[in-house]
Amino acid sequence: KAGVTQTPRYLIKTRGQQVTLSCSPISGHRSVSWYQQTPGQGLQFLFEYFSETQRNKGNFPGRFSGRQFSNSRSEMNVSTLELGDSALYLCASSLEQGSGEKLFFGSGTQLSVL
Amino acid sequence: AQTVTQSQPEMSVQEAETVTLSCTYDTSENNYYLFWYKQPPSRQMILVIRQEAYKQQNATENRFSVNFQKAAKSFSLKISDSQLGDTAMYFCASTSNSGYALNFGKGTSLLVTP
C-alpha cells in the first residue's frame, strides 16, 4: 500500500505570492492533518480534515487555508506569502478521526520564501 | 497551554548500546495518548511507539520501549541494541485537549556511532 504522498517536494516562492501544496493520503484513510515544521517553532498543528470538513484548526492566520476532496486528497493554500512562512509542511493521514489515531506522515514539502 | 518538553537536544550512543530519551508533558486531560516519532534525514516522520494513558503497562515495540510515569507526567523512550539506522531526530508528542492535534516537543537529535 502506497504511503502518504506530498507534492511538490521543494518549492521556492517570493513574498506576496500564494502557494498550493498537495497531499494524497494512504488509501482508505479519511482524516488528513497538516503541520508546519520550522527550526525555531518546531512542529505546529495547522488543521485537520475529515470527510471534506475542517474539524480543527491551529493558531495560524487566515492566510493559511485548506480543503479536502471526496477522495480524501487534501490541499493547503498559503496566500500573501511572508518570509516567516518558509518551513517544511508535513501532511499526515489516519484511518479515522479521533484522539490517539496513529498518524502516517508524508515526506513533506519544503517551502522557501525569498 | 499544553506543552511537551524534551530536555536533551542532542544525544550520542554507540552501536549495540542502550540509550534513553527523556520527555515530560503537561495536560489537564484524564485520558490521552503519547507518542514517539522518529524523523530521519528523509524528513518523513515515522511512528515509533504509542502509549494510551489509561493503560498502566508500558508499551513496547521490538527494541523500543517506554517508561510511562503518569503521576510525574514523564514518558521516556528506551532504545536497546542501538543500530546505525536509528540515527534521527526523535519527537515526543501528546494529544491535545481537542484530541485532533498533536503537541510535539522540540526533538532530540540522536546519533548512533559505530
Enumerate the pairs (first residue in the stretch A:99-114 and within 7 Å of chain B (Cβ to nearest Cβ) and in contact (Cβ under 8 Å) with a residue 40 or more places away in the chain; second residue anywhere and open to solvent by 10 Å² or more (accessible area, probe 1.4 Å) and among the charged types (D, E, K, R)) with beta-carbon separation below 8 Å, excluding pairs fewer than 6 apart on the same chain, so at least 6 apart or on different chains. A:Ser107/A:Arg9; A:Ser107/B:Arg43; A:Gly108/A:Arg9; A:Gly108/B:Arg43
Please list, ordered by residue number, the strands (runs of 3 or more DSSP E) wholly in the stretch A:2-76 having 3 or more residues that are open to solvent by 60 Å² or more (accessible area, probe 1.4 Å). A:53-57
Residue in the stretch B:29-58 that is surrounded by the most Cβ atoms within 10 Å (Cβ to Cβ), counting only those that are of a type in the set (Phe, Trp, Tyr) and assigned to a loop (DSSP other than H, G, I, E, B): B:Tyr32
Restricting to the stretch B:1-28, and then to whatever is of a type in the set (S, T, N, Q) and assigned to a loop (DSSP other than H, G, I, E, B), can you tell me which residue is surrounded by the fewest Cβ atoms within 10 Å (Cβ to Cβ)? B:Ser28
Complete set of residues in the stretch A:97-114 that are open to solvent by 10 Å² or more (accessible area, probe 1.4 Å), modelled with pLDDT under 95 and over 14 Å from the mean Cα position of the chain (by Cα): A:Gln97, A:Gly98, A:Ser99, A:Glu101, A:Lys102
Residue match in the stretch B:66-86 (condition: modelled with pLDDT of 95 or more, within 19 Å of A:Gln41 (Cα to Cα) and open to solvent by 60 Å² or more (accessible area, probe 1.4 Å)): no
Does the stretch B:44-65 hold any residues that are touching a Lys or Arg at 6+ places or on another chain (Cβ under 9 Å) and on the phi > 0 side of the Ramachandran plot, and which are they? none
For the stretch A:55-96, which positions are more than 16 Å from the chain's Cα centre (by Cα) and either within 14 Å of another protein chain (Cβ to nearest Cβ) or under 19 Å from B:Gln39 (Cα atoms) (or both)? A:Leu95, A:Glu96
Tally time: how many residues in the stretch B:60-104 are part of a strand (DSSP E or B), away from chain A (no Cβ under 14 Å) and polar (S, T, N, Q)? 6
So, in the stretch A:38-53, of the ones that are within 12 Å of the chain's Cα centre (by Cα) and more than 18 Å from A:Leu111 (Cβ to Cβ), which residue ends up nearest to the other protein chains (Cβ to nearest Cβ)? A:Glu48
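The values are calculated or read from the model by the stated rules, or taken from the named source; none is laboratory data. The structure presented is a predicted model; accordingly, all values stated were derived computationally and were not measured. Every residue, glycine among them, receives a Cβ derived from its backbone with ideal geometry; neighbour counts consider all protein chains shown. In case anyone asks, the SASA skips ligands and DNA or RNA and just uses the protein heavy atoms, side chains included. Shrake-Rupley method; radii C 1.70, N 1.55, O 1.52, S 1.80 Å.
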